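*Asks:* Before anything else, here's the structure in question.
Every read-out reported here was derived from the displayed coordinates using simple, explicitly stated rules and does not represent laboratory data. Quick caveat, the model's predicted, so the values are computed rather than measured.
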């Protein structure tokens with residue numbers, strides 16, 4: 001597709017999007033390009049109309065693509081045309097006349113307090129390096145609410161032991177500081193001690209048994225395995241622990257703006273989704289407790 005490489009460079013160098021985000025945009029836009037080429041032959045970018053995009057949207061849904069995925073793909077396409085418009089490579093954005101399918105609200109899945117307590121207090125991880133590291137991975141997600149991509153990029157120097165804080169580089173290279181508890185610092189010191197005994201020298205905080213930075217698939221497998229030991233929820237991922245972190249803070253009275261800063265959200269609307277879990281809990285308590293409920 002014309003100008004696609006320039007757009008991806010813009011996402012990488014100016015928007016500072018993560019590699020995962022860049023790949024998602026590239027996949028969505030290449031899929032649209034393949035559809036257009038197959039249906040209409042090679043077309044100049046300025047020839048693409050809202051009609052072509054609507055037909056692609058219908059084709060996706062007929063193939064069984066979910067409404068949520070279609071909305072994401074349309075968002076990728078809209079961002080691409082906004083870029084082209086700013087560069088004066090097209091005269092209008094055809095997405096302005098396209099209505100995305102409605103997507104029902106999906107509440108964030110989270111792990112109940114008792115299950116996280118069981119995991120961190122009763123489950124045996126092992127006393128070797130990998131066991132202590134795996135427990136530390138889950139504990140870090142639970143104590144800080146950071147993303148998977150943020151955890152794999154953490155370095156030892158990002159921890160300030162004197163004032164008990166963690167420096168995290170989030171989306172679009174936005175830095176934030178997360179406070180750490182004394183108990184977490186003690187746990188971290190135990191992990192670093194056994195790491196040092198192994199002779200590891202990597203600057204990354206979490207490493208493999210070969211002293212290399214952790215890769216996302218390994219972290220996902222660790223989290224899925226240990227969550228499956230304590231909770232029946234279907235989705236077991238690092239992001240579920242992030243949801244758990246936010247939900248439990250909110251349930252214990254934390255200010256929504258403070259949670260927003262801890263999570264590294266760009267705007268409050270992304271954080272407000274957690275209030276739905278709290279409201280659901282209030283409904284449940286009211287129904288159980290009120291004589292006329």
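*Asks:* Using alpha carbons only, how many degrees (0 to 90, rounded to 10) separate the axis of helix 129-144 from the longest principal axis of the chain?
*Replies:* Its long axis makes an angle of about 70 degrees.
*Asks:* For the chain, set up a Gaussian network in which alpha carbons nearer than 10 Å are linked by springs, and say which option among 150, 130, 197 fluctuates the most.
*Replies:* Its mean-square fluctuation being the largest, the pick is 197.
*Asks:* Can you give the alpha-carbon Rg of the stretch 113-287 over 2.2 N^0.38 Å, where N counts its residues?
*Replies:* That works out to 1.05 for the stretch 113-287.
*Asks:* Compute the separation of the alpha-carbon centres of the stretch 164-186 and the stretch 31-66 and state it in Å as a whole number.
*Replies:* Cα centroid to Cα centroid, the span is 43 Å.
*Asks:* For the chain, compute Rg over Rh where Rg is the Cα radius of gyration and Rh is the Kirkwood radius from the inverse mean 1/r over Cα pairs.
*Replies:* Expressed as Rg/Rh, it is 1.03.
*Asks:* In the Gaussian network model of the chain, springs joining C-alpha atoms below 10 Å, which of 144, 69, 275 carries the largest mean-square fluctuation?
*Replies:* 69
*Asks:* In a Gaussian network model over the chain where Cα atoms closer than 10 Å are linked, find which of 151, 192, 229 has the largest mean-square fluctuation.
*Replies:* 229
*Asks:* At 0.36 nm per residue, minus the direct Cα-Cα distance, what do residue 89 and residue 130 gain on full extension? Give it in nm, one decimal, please.
*Replies:* In short, 9.5 nm is gained.
*Asks:* So what is the diffusion coefficient of the stretch 116-196 in µm² per second by Stokes-Einstein at 10 °C and 1.306 mPa s, using a Kirkwood Rh over Cα pairs?
*Replies:* 119 µm²/s
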